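Take a look at the structure below.
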Amino acid sequence: MNNNSRQAYQKVPSEFDEQIVQINRVSKKTKGGNKIGFSALTVVGDKKGRVGVGLGKAPDVAAAIRKGVSYAKKHLVEVPIVNGTIPFRIDVKLGAAKIMLKPAPPGSGIIAGGAIRSVVSAAGIVNVSSKMLGTENKISNIYATLEALKQITEQARKIKERRAR
């Protein structure tokens, strides 16, 4: 392959920051033997208040990642960001996962575990403090974090509507 054909296949820069959080190898017992597949948990965000999470499953890793990223881009959530942080504290319980997110003063950074950190940083939140209180399962914690951000968006919209009246 010469230099000109390589330039034709270069990756196009995306407006989204894609992050792979977890890749699981799963196997299923079947009549003909073991069927092996992969699941990939991905987080996609534009660092300007939009974030999405996708779980892709496929026989190979690359296809699972591609499916996860595609799903995440289709299901983005808008997050209100006030001075680089979230507007108020929120506690969410989703399944076994319990998540607490609260605003932090400027300069404190993202104080969060790995699963929450990936979602919050992809959304563009710069200062936040968080705690995972339930399970340590990354998938559960990421979905709970996404649910917390959805609830913040809904409550912020309701507050804005009340002030407009």
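Some observations on this one:
- Whole-Å semi-axes of the ellipsoid equivalent to region 9-74 (Cα gyration tensor, √5λ, descending): 28, 12, 8
- For the chain: relative contact order, % (alpha-carbon pairs under 8 angstrom, 6 or more apart): 19 percent
- Within the chain, longest stretch clear of exposed GluC sites (Glu not before Pro) (DSSP loop, no more than 14 other Cβ within 10 Å): 16-135
- Region 80-160: mean projected area of Cα convex hull, nm²: 4.7 nm²
Here, each number is a calculation from the coordinates, and none is a lab measurement. For clarity, every value in this text was computed on a predicted model and none was experimentally measured. Cβ sites come from the backbone with ideal geometry, for glycine too, and all protein chains shown count toward neighbours.
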